[in-house]
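Below is one structure, written out as structure tokens; comments come after it.
Just so it is clear, none of the values below were taken in a lab; they were calculated from the coordinates. Note that the structure is predicted; figures quoted are calculated from it, not measured. In this analysis, Cβ positions are derived from the backbone assuming ideal geometry, glycine residues included, and neighbour counts consider all displayed protein chains.
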Amino acid sequence: MSIEAQTLHRETFILNLGPQHPATHGVLRIKLTLDGEYIENAEPVIGYGHRMHEKMGENRTYAKFLPNTARMDYVAAMFNTHGYVCAIERLAGITVPERADFIRVITAELNRVASHLLWVGAFLIDLGGFTPLLYTFDDREQILDLLEAVTGARLTFCYYRFGGVCNDIDDDFIAGTRKFVARLRSRMAMYHALITKNVIFRRRCENIGPISAEICRKYGATGPVIRGSGVAYDVRKAEPYSIYPRLDFNVPVYDQGDCMARYLVRMDEIVESLRIVEQALERLPSGPIMAEKVPRILKPPKGDCYFNVESARGSFGVRVISDGTDKAYRLKLRSPCFSNLSIFQECSRGMLLADALALLGTLDLVIPDIDR
Amino acid sequence: MIISHELVIGVVRLTLYVVGLIAFAAFNAAYLSLLERKAPAWFQLRYGPKEVGPFGLLQPVADGIKLLTKQLLVQEGADVLLFKLAPVMVIVPAIMCLAVIPFSETIGGRNINLGLLATFSFSAIHVLGTMLGGWASYNKYASIAAARVVAQNIAYEIPLLLVVVALVMVTHTFNLHEIVAQQAGAFWHWNILRLQASPLMPLAFLIFFTCMLAESNRAPFDMIEAESELVAGAFTEYSGMGFGIFFIAEYANIVVGCSLATVLFLGGWHCPFGLLPGLHWFLIKMYALCFAVIWVRWSFPRTQFYGLLNLSWKFLIPLAFIHLALTAVMLKLV
Amino acid sequence: MPISTLKIKFANIAVRTAATPDSPVTPLVIETQHATKGYDLDVTVPVERVVDAARIMDETAFMLEAISGVDWIAEQQVEVVYDYTTVISGARVVVRTRVPRMTPELPTISDIYPGANWHEREAHDFFGIVFTGHPELIPLLLPEDADFHPLRKDFGA
Amino acid sequence: MEKQTEIPSGLVHFAALDKMLNLARANSLWPMTFGLACCAIEMMATGASRFDMARFGCEVFRPSPRQCDLMIVCGTVNKKMAPAVITLYDQMPEPKWVLALGNCAISGGPFKFPGQYAVVEGVDKLIPVDIYVPGCPPRPEALIEGILKLEEKLTGWRRWPVASAS
């Protein structure tokens, strides 16, 4: 009889979540095996946003691939461009003028803030709260205005060039950024009052979807995911690049490993990024924004190199293998979301559907970045 | 065959009632849905619908006409009869509930002795409608939502009824008309502040309001429509007016719930200061509550399903029992 | 874990797996400059030693970042590159191996690093590399029925 | 679309009714929550405070295709996704419209190159498209313009006259 009861209990069904589903923020598909509302197995099926970036890296010249980098992780486009540009510069031995490095850090950190703001709103939508999205978008629009003035794009910035940046920032940008930093700082208290202190939100995040540091290591999850699990791993500190070692900023770490920890890491990172922007603006040197003598058609010497940057979602890596021509022989793009999503199958086992979707939300996925 | 005079009048009256109530429900659905789009727009630093007609006032009309002329799709594999019956089973009880609610001393569908009982019996049916609709859809999301709606409504029916039982013990009547009449005068005569009957009365009102939110499946308890989990929940497969009717029923249920809260706790048609009682006071109170419902929806994230059940079984039901016991003791003592 | 210790560990791989004496090639370990290359240690191992290399990395708390393939069509070889990093010091180790292009087969490391599962499937998608022992080597990024390997240099030619 | 097909003149004319229906439909275009790639973020921005699609009554993003009138194809459709896009389109009840947002949805955009293996070169190869909004990604203003164009297509008049170029 007990066997019968068990077989009855184990009656499962398969639910196809996606590729079009409001919770998957794009075209992720998750094959769920559900026992009632408990997840027995959740297998992400990806590739619905595959756009051949790595193939195009081999087909196009180095410079012509630049716009592609902005279209992988389009929510935080600066980082991808930053990683790619730095990798090529490392390979070709180009030194970037100091001012350009500062501008890169300022714009990249602004982009990180914009990306985290978007995430906060989208995550709250996953939890069923609609209003915070509108507030975060309001702030995000301010950043986009600033970035649009210097880069010319609202979303898919293609601003960095080999050896510098393509436009200098002006006084309007600096004044506007200062104003924005002050504005967002004062708004953070509002966000914490609206979201962090909300009792339903806390219930839905605290102790939900714990991810251990060991799982993060085994799967290669980085960024806020690993920092929410108590590991202070940040590429900006671990493998310092650009002007980051000269700036004073903290790496927010929370030990609990649950959804709340990952949320708090991102909220704190917004504040830290604002600090970085402020410091960089203060110390902004004058000078050229492009390195001299960067050939129009870049032909880096034979060899390979790897470059890693801390994107808004984790460690974004570029491996370039050059055969001495104007096109890369192989361009490997290591996207943080890819590894972050791969932990979902293991971590969601036994969770309720709604909680698993909260966990999925905190991984902060950009699907075309996973699929590349 | 002689048709008696009274019968004719009776039929005409009945028709007028039904038409009036349906019109009231439809009107409320239309303009509450507009409010539902305008109010959050104010919270969210935007305009909301404003281009369709003056101030967007024609927006619900456009939506209504569009939904009416939309193709009705029935999913292959669906139980056609139940699928088509479900919207009716949801909307009819909601309208029936409105029939016994006294809007003012003179305006009201039917003044029956067991009005309170009638509303709760009718309002329980809409659960069945939603459940059948979800089940008949032949869609996994809808099936999950159908299972959810039953669990949720059973859980919240209990504290709701416990609160109402305590109230009936105080008022000694099931007649909604009389319940309002008892609360005549200024606001300290209202049931919500009848502290001599039970000091937990304001809390009882909150329990009632919470349960009403959950019963009408409104956020933060909108488990059956949980967009980020179940696509559109029980209504996933409904298109056109099938969906439109669920939409109207949702707002009709809100109106019923808010009307009941007004009648039971907030003194119905009576003015807070004892002046000029009438329909307007009823409507003001009812729409204020409706606005609160909308406000809650746009301010909070959704609860988890077990959080929702825990809230009811572990918190609201014990509290409602304490309230009930306290009321009984107070009645005996005083 | 200092790089020098790692070097010794890698050098010991050949000794550790003395059970298979038919591949006596000891790994080639080169220390590189992080500032110019982006990694600290460049290890080239024979195909049979990939799992051992992964085990060493796992023991020393390294994290698997990516697995990528490179199609060296001129040499008729496919290179598989494993990127490891550690959260402690930020040190980065690259493990490479080469397999013949016609029969690209090498053992899976997904039982050591479960995260390798997807990376290996991706490499299989793009290059047709077969990871023996992989739990389900089905297309990840390409459509389910894909039978082409687009990042091979002769694709579309 | 319907207006372009020749309908034999019947005994009863519903021209006025049709006009009213189209007016209602044009003012209540409920789009589907359907994000494919970059453009989806701009679609979200269009729904957000500054641009506020809600003004035209088309902010009701329905997650279920059964309740949608407008499918905004915002982003690259690749060959793995194509069957899903067709299914979604088929699941929508008539009358329905499609708006191709962004270069990828129009023609494959930057991902169209000789030897490409993954991208559908324009969503109009799969489903009929009513309005094309170019851009990579298009600005929110462009999406709003696209929706106004769709309204114009339905009703025959423009909500606001085009600003004269000065």
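Please build a GNM for chain A, connecting alpha carbons under 10 Å apart, and tell me which residue among A:LYS299, A:LYS327, A:LYS218 fluctuates the most. Answer for the Gaussian network model of chain A: A:LYS218. Counted by Cβ distance under 9 Å from A:LEU127, the other residues give a net charge of +1, where Lys and Arg count +1 and Asp and Glu count -1.
Here the residues A:LEU127, D:LEU101, A:LEU284, ranked from fewest to most Cβ neighbours within 10 Å of their Cβ, fall in the order A:LEU284, A:LEU127, D:LEU101.
The range B:35-110 and the range A:224-267 have their alpha-carbon centroids 48 Å apart. Principal-axis analysis of the Cα atoms of chain D puts helix D:15-26 at an angle of about 30° to the longest axis.
Going by C-beta contacts inside 10 Å, put C:SER68, A:SER311 in order with the fewest on the left.
Fewest-to-most ranking of C:SER68, A:SER311: C:SER68, A:SER311.
The H on the amide N of C:MET63, modeled in the peptide plane, is under 5 Å from the matching H of C:THR85, C:THR86, C:VAL87, each at least 5 residues off or on a different chain. Residues whose amide H falls under 5 Å from that of D:GLY35, counting only those 5 or more places apart or on a different chain, are A:GLY26, with hydrogens built in the peptide plane. Computed over the range B:72-333, the Cα gyration tensor eigenvalues convert (square root of 5λ each) into semi-axes of 33, 20, 15 Å, ordered from largest to smallest.
Converting phi to 3J(HN,Hα) with the Karplus coefficients 6.51, -1.76 and 1.60 and the offset θ = phi - 60°, the range B:35-42 yields 4, 5, 9, 7, 4, x, 4, 5 Hz in sequence order, with x at every glycine or proline. Ignore the peptide's own chain and count Cβ atoms of other chains within 10 Å of each Cβ in B:295-303; give me the average, rounded. Average neighbour count from other chains, rounded to a whole number: 6.
For chain D, the longest principal axis of the Cα atoms and the long axis of helix D:140-155 meet at an angle of about 30 degrees.
Note on the range B:6-75: Rg/Rh from C-alpha atoms, Kirkwood Rh, equals 1.19.
Percent of Cα pairs in chain A per distance bin of 10 Å, from zero to the largest separation: 5, 24, 32, 24, 10, 3, 1, 0, 0.
Positive end of the dipole of the protein assembly as shown (Cβ unit charges, origin at the Cα centre): among D:PRO140, B:ILE192, D:MET20, the Cα lying farthest that way belongs to B:ILE192. Counting Cβ atoms of other protein chains within 10 Å of each Cβ in D:72-84 and taking the mean gives 6. Just so you know, the Cα atoms of chain C work out to an Rg and Dmax of 15.7, 46 Å. Compared with the dominant principal axis of the Cα atoms in chain C, helix C:116-127 is inclined by about 50°. Rounded to whole numbers, the Karplus 3J(HN,Hα) couplings from phi for the range A:153-164 are 10, 8, 10, 9, 5, 10, 10, 7, 10, 5, x, x Hz, using 6.51 cos²θ - 1.76 cosθ + 1.60 with θ = phi - 60°, and x at Gly and Pro.
Quick one: which residues, 5+ away or cross-chain, put their amide H under 5 Å from the amide H of A:TYR329? H built at 1.01 Å from N. Here A:ILE321, A:SER322, A:ASP323 satisfy the definition. Once each part is reduced to its C-alpha centroid, what is the distance from the range B:191-263 to the range A:125-183 in angstrom? Value for the Cα centre distance between the two parts: 40 Å.
Among the listed pairs A:LYS64/D:LYS112; A:LYS31/B:LYS70; B:LYS38/D:LYS96; A:LYS31/B:LYS140; A:LYS332/C:LYS37; B:LYS285/B:LYS314, those with a Cα-Cα distance over 21 Å are A:LYS31/B:LYS70; B:LYS38/D:LYS96; B:LYS285/B:LYS314. Net charge of the neighbourhood of B:ALA124, taken over other residues with C-beta under 11 Å away and scored Lys/Arg +1, Asp/Glu -1, is -2. Counted over the range A:136-231 with a bin width of 5 Å, the fraction of Cα pairs per bin, in whole percents, is 2, 11, 13, 12, 13, 14, 16, 12, 6, 1.
Overall, the protein assembly as shown carries a charge dipole of about 1460 debye about its Cα centre when +1 sits on the Cβ of Lys and Arg and -1 on the Cβ of Asp and Glu, all other atoms neutral. Within the range D:100-133, whose backbone N sits under 14 Å from a point 7 Å along Cα→Cβ of D:ILE86? So the set is D:120-121, D:123-128. In the range B:130-284, Rg over Rh equals 1.07, where Rg is the alpha-carbon radius of gyration and Rh the Kirkwood radius from pairwise Cα distances. For the protein assembly as shown, the percent of C-alpha pairs falling in each 10 Å distance bin, counted from 0 to the bin holding the largest distance, reads 2, 10, 19, 22, 18, 13, 8, 5, 2, 1, 0, 0. Listed by chain and number, the aspartates and glutamates whose C-alpha is less than 18 Å from the C-alpha of A:LYS237, apart from same-chain residues fewer than 8 away, are A:ASP101, A:GLU109, A:ASP248, A:ASP268, A:GLU269, A:GLU272, A:GLU310, C:ASP40, C:GLU65. If the elastic network links every pair of Cα atoms under 10 Å, which of D:PRO137, D:PRO31, D:PRO114 fluctuates the most in the Gaussian network model of chain D? Largest GNM mean-square fluctuation: D:PRO114. The Rg/Rh ratio for chain D, using Cα coordinates for both the radius of gyration and the Kirkwood hydrodynamic radius, is 1.00. In terms of packing, defined here as the mean over residues of other Cβ atoms within 10 angstrom, the peptides B:67-74, A:302-309, A:338-345 line up highest first as A:338-345, A:302-309, B:67-74. Peptide D:27-33 has a mean of 6 when you count, residue by residue, the C-beta atoms of other protein chains within 10 Å of its C-beta. GNM, chain D, Cα, under 10 Å: largest mean-square fluctuation among D:VAL123, D:VAL85, D:VAL73? Per the Cα network of chain D with a 10 Å cutoff, D:VAL85 tops the list.
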